[in-house]
Every structure is written in C-alpha cells, then in structure tokens.
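Below is one structure; the comments refer to it alone.
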Amino acid sequence: MSTAEVCMVAGMALATFLIRYGLLPLSGRLSLPPTVERALSYSAPAVLTAIIVPTVLMPDGKEMVLSLSNSYLVGAVATAGVGWLTRNLLATIVLGMAAFLCWQWVVKNLLMF
Amino acid sequence: MASGFPKDRSLAKETPAQSNPVESPRLSPAREIYEGARDTLPLVIGAAPFGIIFGTLSGGCGLSAAATMAMSLFVFAGSAQFIALGLVCGATAWPLIVMTTVVVNFRHLLYTATLLPFLGGLARPWQALLAFGLTDETFAVAARRYLDPKQPDLTRWYQLGSALFMYTNWNVCTLVGLAAGRHLSDVAGWGLDFAMPATFIGMVIPYLKDRPGWISVLVAGAVSIPAAALPHKLGLLVAALAGIAAGLLAETRIHRRRDPFKRKETLS
C-alpha cells in the first residue's frame, strides 16, 4: 500500500466509525424529543430511496434515462412489483435480479434501441 | 418508542441470564446471534455480488489489493467504498475521498440516533462493536427487533449476529472479487451491480404501510434526481432529509385532523 492509500483507508475507516459511534456517548445525558424520534423512524426508507432512485434512473450517473432500454429502471419496477406482491425479501431480491438480467439480455440481443 | 433508557450503566453490566428473569422465556445469546444472522440472509445474498464486483473493479482503478482488502476490513461501508473506488479511478486526492465518505455515510448518524434508546445503556465495548457494524442492512434488521416488545433485552446479540454475517460475507466476497479480478475483467458489464438497488427496494417495501410512509419515500425519490447534481454526493443527504421531513409533516397533519383523544393511540 502506498502512503496515500494508507491515509485514504485510515481516514475513511475513522470517519465511518465516528459517524456510526458518534452519538452513543451522549446517550446517558440526552434524551431525544418525541418529534425527533418520530422523524427518525423515516430515516431508513428515505435514505434507501435516495440511493435507489438516482442509481436506477441515471445508470451512468449523469443523465436520466426514462425508456425501456434502461434495464435498471425496468428491473427496479419488476423488483418493486415482486416485493409488493410477495412481501418476501429473499424472493424480491432473487426474482428482481433475475428480471433485471433477463431484460438486460433482451435489450442487448433482441431490441434495437 | 421508549424514550427513557437507563442513565447508569448497571443494566449493561448484568449478565444476560440475570436480566429480567420473570418475563417471558428469553432466547440465549447464541440463539439470538443465530436468529440475527438468519434474518439477515436475504440481505447477505443481495450484498454478495456487490462485494465481488468491488473486489473485481479495484485493480482496474489502480487500487492495490492490500488497500482494497483493508477498506472492506476496516471501513465496512459498501456504497462509500464504491464511491471511493470511483474517485480513485478519477485520480482524486485522498483528503477529498475521506470528505466524500463523511457525506455519504452521514446517514448512519440517523441510524445511531434511531437506536440510541436501545444502545445507550450498553457498555462501551458493546457500543463500539455494534456501531462499527451498523450498515444499512443490519440497521434495517435490528431496528425491527428492538421495536418488538417481546425481545428487547438480548437484541444486542441479535444485532451482533446480523453484523457478523454481513461482515464475513462482505470480506469473503471482496477477496473472491480480488482473486477473480484478473480472470474476469468484464464482470462489471454483467449488471451484477443491480443487486444493490434490488436489495434496497426490498428493504423499503415494508415501510410503505401508511400515507406518511409513502409520502416520505416519494419525496426522497423526487428530490434525489435534481439533488444528484450537487457536488460530493451531497444530494443523498439532501434527498434523505427532505424525505424524513415530508414523512414527519404528513404524519403530524394526519394526526391533527383526527380526534385529539385518539391521538395517543395512533402515535404509539
């Protein structure tokens, strides 16, 4: 590892740990107001959606692709459909992944976009 | 959600067997670890391709094998590692990569805050261990268990089981990716990276159970697109906060419209 790599990994590790650990030492002294607690109950779905939507709508990270040639978008719709119907996480991930790979193959080999 | 938690650390010092002997039968720590790992299995399967791709792509970006492995071992944050890799590809200076990590992982502060009432009473080493392993996946799995009134006491073992499984899987997959990287140079084009959005979609679905839940998710998604233009991945944070605010606002408005006497019930 080069010095720059050591600095990068050490910095990332320290930053990540401090963010994850940060509030815990305060816990004995501070009790969260009920409003904050209620707000935090939305943290997981809001964060995850904020990661999913750009990944799916902007696969190259730059421009939005709203067409059937976007396998990520088609795959995401299929995954959400499976998830909504089955309510089973494993089935959602496996079938969603399968739908995505199938559609990606179709786009690459059969459709001319 | 319980807002009161033990102010002293006496609870944390008790051995698991001593705590609350009268309540309904409790699972042993080993059993909790097993259940935590079992409930995390679907997410582990979703994370596996992601870890393999991370290991595979790193060589092409000029990141050494040692640094790649060290990242998975010590940072243990999938999306931040991927973004860092992208920045290494673009020859970004390391301080900027560390700063971007702070922004991308800042969401974990929300996770710790959510679990604060439950992790607050634990001894320091426990807190450090569980904080290190607080990924999106383990948070999603553990938060449910903590909120389940039947099993609050030993849930730290459950969370540990979940984190251990995720950690082992992530590192083994990084290693597999590193080993395969030289032979499978085109693995990036296979589309295995869809495993992450697929997993996250599966994790969001259970939250879509009422109107505030829907509003929160829709707003976070809508804001994330224009916000993606913000530098240093700040858009993630902006969109997440917008979603949280929208959910809270919707919930408050709905409760205000209802009978004030019923308010307490619906809130809990």
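The values are calculated or read from the model by the stated rules, or taken from the named source; none is laboratory data. The structure displayed is predicted, hence computed values, not measured ones. We place every Cβ from the backbone using ideal geometry, glycine too, and count neighbours over all the protein chains shown.
Looking at (1) assigned to a loop (DSSP other than H, G, I, E, B); (2) surrounded by 14 or more Cβ atoms within 10 Å (Cβ to Cβ), which is the one condition that is false for A:G81?
Every listed condition holds for A:G81 apart from (1).
List the pairs whose first member sits in the range A:47-59 and is more than 7 Å from chain B (Cβ to nearest Cβ), whose second member is surrounded by fewer than 24 Cβ atoms within 10 Å (Cβ to Cβ) and assigned to a loop (DSSP other than H, G, I, E, B), and whose Cβ atoms are under 8 Å apart, counting only residues at least 6 apart or on separate chains?
Pairs that qualify, where the first residue is more than 7 Å from chain B (Cβ to nearest Cβ) and the partner is surrounded by fewer than 24 Cβ atoms within 10 Å (Cβ to Cβ) and assigned to a loop (DSSP other than H, G, I, E, B), are A:P59/A:V65; A:P59/A:N70.
Test B:F106 against the criterion of being within 12 Å of the chain's Cα centre (by Cα), of a type in the set (F, W, Y), surrounded by fewer than 24 Cβ atoms within 10 Å (Cβ to Cβ) and more than 27 Å from A:T86 (Cβ to Cβ), and give yes or no.
So B:F106 passes the test.
Yes or no: B:L87 under 26 Å from A:G96 (Cα atoms) and assigned to a helix (DSSP H, G or I)?
No; evaluated as a whole, the condition is false for this residue.
Inspect the range B:56-63 for any residue being hydrophobic (A, V, I, L, M, F, W, C) and in contact with an Asp or Glu (Cβ under 8 Å, 6 or more places away or on another chain) and give the result as yes or no.
Yes: the range B:56-63 contains one or more residues that are hydrophobic (A, V, I, L, M, F, W, C) and in contact with an Asp or Glu (Cβ under 8 Å, 6 or more places away or on another chain).
Using beta carbons and a limit of 9 Å, which pairs, at least six apart or on different chains, have the first residue in the range A:2-26 and at the interface with chain B (Cβ under 7 Å from one of its Cβ atoms) and without any contact (Cβ under 8 Å) to a residue 12 or more places away in the chain and the second one among the basic types (K, R) and crowded, with 16+ Cβ neighbours inside 10 Å?
Sorted first by the residue in the range A:2-26, then by its partner, the pairs are A:I19/B:R107.
Tell me which helices (runs of 4 or more DSSP H) are completely within the range B:135-251 and hold 3 or more residues being away from every other protein chain (no Cβ under 14 Å) and farther than 23 Å from A:Y72 by Cα, or say none if there are none.
Qualifying helices (runs of 4 or more DSSP H): B:155-181.
Taking the range B:87-144 as the search range and keeping residues that are of a type in the set (D, E, K, R) and in contact with a Lys or Arg (Cβ under 9 Å, 6 or more places away or on another chain), which one is nearest to B:A163 (Cα to Cα)?
The residue in question is B:D136.
Say we look at the range A:62-101 and pick out the residues that are out of contact with any helix residue (DSSP H, G or I) (no Cβ under 7 Å at 6 or more places or on another chain) and at pLDDT 95 or above; which of these is farthest from B:T40 (Cα to Cα)?
In this case the residue turns out to be A:V77.
Show the residue pairs meeting these rules: Cβ distance below 6 Å; 6+ apart or different chains; first residue within the range A:69-85 and at the interface with another protein chain (Cβ under 7 Å from one of its Cβ atoms); second residue small (G, A, S) and assigned to a helix (DSSP H, G or I).
Note: pairs meeting the criteria are A:G75/A:A99; A:T79/A:G96; A:T79/B:A198; A:G83/B:G202.
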